[in-house]
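What follows is one structure encoded as C-alpha coordinates, with my remarks underneath.
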Amino acid sequence: MFLSFTEKEVITYQDKTIVEIAAGNDNFSTLVTAIKTAGLVEVLSGKNEFTVFAPTNTAFDKLPEGTVTSLLKPKNKDALTDILMYHVVAGEYKAADVVKAIKDNGGKFSLNTVKGEKITLKMKGNNVVIKDAKGGQSVIIMTDVDASNGVIHAIESVLMPKS
(Lines give C-alpha, C1' and ligand atoms only; values in the text may rest on other atoms or scores of the structure.)
Protein backbone atom coordinates (compact mmCIF):
# COMPACT_ATOMS: atom_id res chain seq x y z
CA MET A 1 0.00 0.00 0.00
CA PHE A 2 1.55 3.26 -1.08
CA LEU A 3 0.09 6.61 -0.14
CA SER A 4 0.34 9.51 -2.48
CA PHE A 5 -0.35 13.19 -2.65
CA THR A 6 -1.37 15.22 -5.67
CA GLU A 7 1.10 17.75 -7.05
CA LYS A 8 -1.14 20.54 -5.71
CA GLU A 9 -1.06 19.03 -2.20
CA VAL A 10 2.72 18.67 -2.27
CA ILE A 11 3.15 22.34 -3.22
CA THR A 12 0.67 23.40 -0.52
CA TYR A 13 2.33 21.26 2.13
CA GLN A 14 5.71 22.96 1.81
CA ASP A 15 4.24 25.92 3.72
CA LYS A 16 2.79 23.75 6.53
CA THR A 17 4.41 22.17 9.55
CA ILE A 18 4.76 18.44 10.04
CA VAL A 19 1.73 18.44 12.38
CA GLU A 20 -0.41 20.49 9.98
CA ILE A 21 0.35 18.09 7.14
CA ALA A 22 -0.44 15.03 9.23
CA ALA A 23 -3.65 16.65 10.49
CA GLY A 24 -4.71 17.30 6.89
CA ASN A 25 -4.46 13.63 5.87
CA ASP A 26 -7.01 11.11 7.14
CA ASN A 27 -4.37 8.33 6.94
CA PHE A 28 -2.62 9.94 9.95
CA SER A 29 -5.59 10.63 12.26
CA THR A 30 -4.40 8.17 14.93
CA LEU A 31 -0.91 9.68 14.82
CA VAL A 32 -2.30 13.20 15.18
CA THR A 33 -4.45 12.14 18.14
CA ALA A 34 -1.36 10.58 19.75
CA ILE A 35 0.74 13.72 19.11
CA LYS A 36 -1.93 15.88 20.74
CA THR A 37 -2.34 13.52 23.69
CA ALA A 38 1.42 13.43 24.28
CA GLY A 39 1.62 17.23 24.15
CA LEU A 40 4.03 17.22 21.20
CA VAL A 41 2.19 19.59 18.85
CA GLU A 42 4.45 22.55 19.68
CA VAL A 43 7.65 20.50 19.41
CA LEU A 44 6.74 19.15 15.97
CA SER A 45 5.39 22.51 14.80
CA GLY A 46 8.44 24.56 15.77
CA LYS A 47 11.38 25.87 13.80
CA ASN A 48 13.65 22.85 14.35
CA GLU A 49 13.92 20.53 11.35
CA PHE A 50 12.89 16.92 11.82
CA THR A 51 12.47 13.79 9.79
CA VAL A 52 9.36 11.95 10.93
CA PHE A 53 8.78 8.30 10.11
CA ALA A 54 5.01 8.58 10.42
CA PRO A 55 2.95 5.46 11.11
CA THR A 56 -0.34 5.37 9.23
CA ASN A 57 -3.65 4.43 10.85
CA THR A 58 -3.16 0.95 9.37
CA ALA A 59 0.21 0.75 11.16
CA PHE A 60 -1.45 1.52 14.50
CA ASP A 61 -4.18 -1.04 13.71
CA LYS A 62 -1.47 -3.75 13.54
CA LEU A 63 -0.67 -3.28 17.24
CA PRO A 64 -2.25 -5.74 19.68
CA GLU A 65 -5.88 -4.97 20.42
CA GLY A 66 -6.27 -2.28 23.06
CA THR A 67 -2.71 -0.95 22.75
CA VAL A 68 -3.61 2.39 21.19
CA THR A 69 -6.51 2.96 23.59
CA SER A 70 -4.22 2.19 26.52
CA LEU A 71 -1.43 4.48 25.27
CA LEU A 72 -3.88 7.37 24.88
CA LYS A 73 -4.77 7.28 28.60
CA PRO A 74 -3.25 10.12 30.67
CA LYS A 75 -1.36 7.68 32.92
CA ASN A 76 0.55 6.37 29.86
CA LYS A 77 1.60 9.76 28.48
CA ASP A 78 5.32 9.09 29.07
CA ALA A 79 5.22 5.75 27.23
CA LEU A 80 3.28 7.34 24.37
CA THR A 81 5.78 10.20 24.17
CA ASP A 82 8.69 7.75 24.09
CA ILE A 83 7.13 5.78 21.23
CA LEU A 84 6.33 8.90 19.22
CA MET A 85 9.77 10.46 19.72
CA TYR A 86 11.31 7.17 18.56
CA HIS A 87 9.80 7.98 15.14
CA VAL A 88 11.52 11.39 14.96
CA VAL A 89 15.08 12.19 13.90
CA ALA A 90 16.67 15.64 14.21
CA GLY A 91 17.46 17.11 10.79
CA GLU A 92 16.03 16.48 7.37
CA TYR A 93 16.74 13.17 5.64
CA LYS A 94 15.21 12.92 2.18
CA ALA A 95 14.74 9.48 0.61
CA ALA A 96 17.71 9.93 -1.75
CA ASP A 97 19.94 10.86 1.23
CA VAL A 98 18.85 7.76 3.12
CA VAL A 99 19.41 5.42 0.16
CA LYS A 100 22.84 6.93 -0.46
CA ALA A 101 23.79 6.59 3.22
CA ILE A 102 22.68 2.94 3.22
CA LYS A 103 24.81 2.22 0.15
CA ASP A 104 27.78 4.20 1.48
CA ASN A 105 27.70 2.33 4.81
CA GLY A 106 27.76 -1.26 3.62
CA GLY A 107 24.01 -1.78 3.36
CA LYS A 108 22.89 -0.34 6.71
CA PHE A 109 22.49 3.17 8.06
CA SER A 110 21.75 3.92 11.72
CA LEU A 111 20.21 7.11 13.02
CA ASN A 112 19.71 8.35 16.55
CA THR A 113 16.11 9.26 17.23
CA VAL A 114 14.99 12.16 19.38
CA LYS A 115 14.11 9.50 21.99
CA GLY A 116 17.85 8.77 22.19
CA GLU A 117 17.76 5.27 20.71
CA LYS A 118 18.88 4.08 17.30
CA ILE A 119 16.91 2.90 14.30
CA THR A 120 18.63 1.06 11.46
CA LEU A 121 17.66 1.54 7.84
CA LYS A 122 18.46 -0.93 5.06
CA MET A 123 17.32 -1.79 1.57
CA LYS A 124 15.04 -4.73 0.84
CA GLY A 125 14.59 -4.81 -2.91
CA ASN A 126 13.60 -1.28 -3.89
CA ASN A 127 12.19 -0.46 -0.45
CA VAL A 128 13.80 1.11 2.58
CA VAL A 129 13.09 -0.91 5.71
CA ILE A 130 13.54 0.41 9.24
CA LYS A 131 14.53 -1.97 12.02
CA ASP A 132 13.58 -0.87 15.53
CA ALA A 133 15.23 -1.61 18.89
CA LYS A 134 13.03 -4.66 19.49
CA GLY A 135 13.78 -6.21 16.09
CA GLY A 136 10.52 -5.15 14.44
CA GLN A 137 10.61 -3.87 10.89
CA SER A 138 8.64 -1.29 8.95
CA VAL A 139 8.70 -0.45 5.25
CA ILE A 140 8.62 3.18 4.18
CA ILE A 141 5.53 3.44 1.97
CA MET A 142 5.63 7.15 1.09
CA THR A 143 8.63 9.44 0.97
CA ASP A 144 9.61 13.08 0.92
CA VAL A 145 6.52 14.97 2.00
CA ASP A 146 8.16 18.35 2.54
CA ALA A 147 7.06 20.45 5.47
CA SER A 148 8.20 23.89 6.52
CA ASN A 149 10.11 22.26 9.39
CA GLY A 150 11.31 18.99 7.87
CA VAL A 151 10.10 15.97 5.99
CA ILE A 152 7.65 13.11 6.53
CA HIS A 153 8.05 9.51 5.38
CA ALA A 154 4.99 7.30 5.98
CA ILE A 155 5.64 3.83 7.37
CA GLU A 156 3.54 0.66 7.48
CA SER A 157 4.23 -0.41 11.09
CA VAL A 158 4.78 1.34 14.42
CA LEU A 159 8.42 1.34 15.58
CA MET A 160 9.10 0.29 19.17
CA PRO A 161 11.94 1.59 21.35
CA LYS A 162 13.79 -0.63 23.86
CA SER A 163 12.21 1.13 26.81
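The values are calculated or read from the model by the stated rules, or taken from the named source; none is laboratory data. Since this is a predicted model, take the numbers as computed values, not measurements. Quick reminder, even Gly has a Cβ in these numbers, built from the backbone with ideal geometry, and neighbours come from all protein chains shown. Just the protein is used for accessible areas: all its heavy atoms, side chains included, with ligands, DNA and RNA removed. Shrake-Rupley method; radii C 1.70, N 1.55, O 1.52, S 1.80 Å.
What the table below lists for this structure:
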read-out	value
All aspartates and glutamates inside 18 Å of LYS62 as judged from Cα atoms, apart from same-chain residues fewer than 8 positions distant	ASP26, ASP132, GLU156
Extreme residue, positive dipole direction of segment 43-163, given options VAL129, GLY46, VAL151 (C-beta unit charges)	VAL129
Over the chain, relative contact order from alpha-carbon pairs under 8 Å, at least 6 apart, %	29
Cα centroid of segment 62-84 to Cα centroid of segment 108-139, whole Å	21
Over 26 Å (Cα to Cα) - which of LYS16/LYS75; LYS75/LYS134; LYS73/LYS108; LYS77/LYS162; LYS47/LYS122 fall in this group	LYS16/LYS75; LYS73/LYS108; LYS47/LYS122
Heavy-atom accessible area per residue - the chain, 1.4 Å, Å²	52
Accessible surface of the chain [probe 1.4 Å, protein heavy atoms]: carbon and sulfur percent	49
